[in-house]
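Asks: The structure that follows is given in the form of structure tokens.
The values are calculated or read from the model by the stated rules, or taken from the named source; none is laboratory data. The model shown is predicted, which means the values in this text are computed figures rather than measured ones. Here the Cβ is made from the backbone with ideal geometry for all residues, glycine too, and neighbour counts use every protein chain on show.
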Amino acid sequence: MKAANKNRRFWLALVIFSLTGQVAWVVENMYFNVFIYKMFHASAEAISAMVSASAAAAALTTVLVGALSDKVGRRKLFICLGYILWGLTICSFALIRLDVINALFPAAASAAAVGISLTILLDCVMTFFGSAANDAAFNAWLTESADPGQRGAAEGVNAMMPLLAILVVFGGFMGFDLNQAGSWTTIFLVIGGLATAIGIAGFFLIEDSGHKCAENRSCFANILYGFRPSVIRRNLLLYVTLICFMAFNISIQVYMPYLILYYTEALQMDNYVLIMAPAIILAAAFTAVYGRRYDRKGFMAAVVPALLLLMAGYVLLYLFKSTALVFLGSLLMMCGYLSGMAVFGAKVRDHIPEDKAGMFQGLRIISQVLVPGVIGPAIGARVLKNARMILNDDGTSSFVPNENIFLAALVAALVIWLVLLAMHWLQKRQTAA
């Protein structure tokens, strides 16, 4: 009975903390771009700079806090306090408004430029707490707490949460006029309050994994552990998997920062939430089931269909603009994206050395967030450099994302297949040895 109760608590904690964390990340990754576009008429380059700065903050935080949490061995404390502070920081975005900026910086030449700069700065602060809580501590806890035979299923649940979070956020945002500053104030206060409340609840819900690094190294040594040549040689398949995961996420980040703007500005889909909601529900259900394919048939049998779905979605989104085909393209793209995240996530966790989960979360976030967050949006901004411009009511101009972001993402995805061939060769070599 105790084992069953512990298992129920694990799945409940996984769902609640993963979903809440992803809701916060969706607001940051998909709607901060909309926020600075709508409120301050940000350019594609400004959006790319914000994503890159946040990615760098996430990677640095995860490397440092992952190693520290390994040394301390108390994931629960890092998760709960991190979520509380994460939520409070999100609430503080309610103060980034033109009226507040004009009152605080009356001599500023451009209140919009100040607003963009403040958003990027506070985004990095928020990312520090979010990455400490979610990327470092929560993901290390998940690696340690999931039974090996359930890892694919746990990753399937964990990987479908971004889509469920998108559904929650899309549905929640339907009642808001995103052209109004007051709407954003409410959004930030609600999302921030939710993250803080969940952090408090975690003290009563999460059961610490009890893992602690057995080796008596300094925290600095823990930080550098995953970058040592000897460690790389012993875990070569893990590092090749991370390189493949990096290529996968670069492809995703080419279009993701501009996706909602593409729907709303290029396609003029004012009802994009109603169109996307069924696609999100279907993709989430697909991902929850698909994660078990990894448990049954292995990595290669699971990753290849996921990549084919992703690339098929890119092709449809690039070629067509009708509502039905945009829906189908988005569904295939989302199924490929989330199932791919589940498969890569499970593969990475399977190769992380026992009792060193925290030390390797930084490497995971470098391949999942840092390098893709710098390279992907920059490719997207480059592709959109000569995009069509529109005139706003206040006399300023804004760019309109176009379908070329999906063509660029498709080209970037071709690199994944080359790395997969190298992985397959290395795996066969290790098996033969």
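Asks: So which residues in the stretch 379-417 are more than 21 Å from the chain's Cα centre (by Cα), in contact (Cβ under 8 Å) with a residue 60 or more places away in the chain and part of a helix (DSSP H, G or I), if there are any at all?
Replies: Within the stretch 379-417, VAL383, ASN404, LEU407, TRP417 qualify.
Table: residues versus (1) crowded, with 24+ Cβ neighbours inside 10 Å; (2) out of contact with any Pro (no Cβ under 6 Å at 6 or more places or on another chain).
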{"site": "ASN33", "(1), (2)": "yes, no"}
{"site": "LYS71", "(1), (2)": "no, yes"}
{"site": "TRP86", "(1), (2)": "yes, yes"}
{"site": "ARG97", "(1), (2)": "no, yes"}
{"site": "THR127", "(1), (2)": "yes, yes"}
{"site": "ALA133", "(1), (2)": "yes, yes"}
{"site": "ALA137", "(1), (2)": "yes, yes"}
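Asks: I would also like to ask the following. Whether any residue in the stretch 172-185 is in a helix (DSSP H, G or I), closer than 30 Å to ASP270 by Cα and at pLDDT below 85 is what I want to check. Let's see the steps before the verdict.
Replies: Pass one, the stretch 172-185, residues in a helix (DSSP H, G or I): 172-173, 181-185.
From what is left, the residues that are closer than 30 Å to ASP270 by Cα are 172-173, 181-185.
Filter again for at pLDDT below 85, leaving 172-173.
Looking for residues that are in a helix (DSSP H, G or I), closer than 30 Å to ASP270 by Cα and at pLDDT below 85, one finds at least one in the stretch 172-185, hence yes.
Asks: Still on this structure, I have one more. Answer with yes or no whether GLY380 is crowded, with 18+ Cβ neighbours inside 10 Å, out of contact with any Pro (no Cβ under 8 Å at 6 or more places or on another chain) and within 30 Å of VAL63 (Cβ to Cβ).
Replies: no
Each row is one residue, and each column tells you yes or no for (1) in contact with a Lys or Arg (Cβ under 8 Å, 6 or more places away or on another chain); (2) among the hydrophobic types (A, V, I, L, M, F, W, C); (3) modelled with pLDDT of 85 or more.
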{"site": "ILE281", "(1), (2), (3)": "no, yes, no"}
{"site": "GLY291", "(1), (2), (3)": "no, no, no"}
{"site": "LEU316", "(1), (2), (3)": "no, yes, yes"}
{"site": "ALA324", "(1), (2), (3)": "no, yes, yes"}
{"site": "ARG349", "(1), (2), (3)": "yes, no, no"}
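Asks: If you don't mind, another one. May I ask you to list pairs of residues, at least six apart or on different chains, whose Cβ atoms are under 6 Å apart, with the first in the stretch 62-75 being of a type in the set (Gly, Ala, Ser) and the second being at pLDDT below 75 and not in a helix (DSSP H, G or I)?
Replies: Close Cβ pairs (under 6 Å, with a partner that is at pLDDT below 75 and not in a helix (DSSP H, G or I)) amount to GLY73/LYS212.
Asks: Here's a check for you: in the stretch 387-428, which residue that is of a type in the set (Gly, Ala, Ser) and in contact with a strand residue (DSSP E or B) (Cβ under 6 Å, 6 or more places away or on another chain) is nearest to ILE252 (Cα to Cα)?
Replies: So in the stretch 387-428, the residues of a type in the set (Gly, Ala, Ser) come out as 387, 395, 397-398, 408-409, 412-413, 422.
Right, trim to in contact with a strand residue (DSSP E or B) (Cβ under 6 Å, 6 or more places away or on another chain) and you get 387, 397-398.
Details: ALA387: 20, SER397: 27, SER398: 23 Å.
The extreme case among them is ALA387.
Asks: Out of (1) surrounded by fewer than 17 Cβ atoms within 10 Å (Cβ to Cβ); (2) touching a residue at least 12 places away in the same chain (Cβ under 8 Å), what's the single condition that is false for ARG233?
Replies: Of (1) surrounded by fewer than 17 Cβ atoms within 10 Å (Cβ to Cβ); (2) touching a residue at least 12 places away in the same chain (Cβ under 8 Å), only one is false for ARG233: (2).
Asks: Pairs only if they're at least six apart or on different chains, beta carbon under 9 angstrom, first in the stretch 96-108 and farther than 17 Å from SER183 by Cα, second basic (Lys, Arg) and part of a loop (DSSP other than H, G, I, E, B); list them, first residue then second.
Replies: Listed pairs, sorted by first residue: none to list.
Asks: Report, by residue number, each residue of the stretch 60-72 that is in contact with a Ser or Thr (Cβ under 9 Å, 6 or more places away or on another chain), closer than 23 Å to SER145 by Cβ and not hydroxyl-bearing (Ser, Thr, Tyr).
Replies: Answer for the stretch 60-72, where residues must be in contact with a Ser or Thr (Cβ under 9 Å, 6 or more places away or on another chain), closer than 23 Å to SER145 by Cβ and not hydroxyl-bearing (Ser, Thr, Tyr): VAL65, LYS71.
Asks: Check the stretch 137-150 and report whether any residue there is in contact (Cβ under 8 Å) with a residue 40 or more places away in the chain, over 30 Å from GLY345 (Cα atoms) and not in a helix (DSSP H, G or I).
Replies: So far as the stretch 137-150 goes, no, none of its residues is in contact (Cβ under 8 Å) with a residue 40 or more places away in the chain, over 30 Å from GLY345 (Cα atoms) and not in a helix (DSSP H, G or I).
Residue-wise test of (1) assigned to a helix (DSSP H, G or I); (2) crowded, with 20+ Cβ neighbours inside 10 Å.
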| position | (1), (2) |
| --- | --- |
| MET269 | no, no |
| MET276 | yes, yes |
| ILE280 | yes, yes |
| ALA283 | yes, yes |
| THR287 | yes, yes |
| LEU308 | yes, no |
| ALA312 | yes, no |
| ALA324 | yes, no |
| PHE327 | yes, no |
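Asks: Can you name the number of the only condition in (1) surrounded by fewer than 24 Cβ atoms within 10 Å (Cβ to Cβ); (2) at pLDDT 90 or above; (3) hydrophobic (A, V, I, L, M, F, W, C); (4) closer than 19 Å to VAL400 by Cβ that VAL254 fails?
Replies: It fails just one condition, (1).
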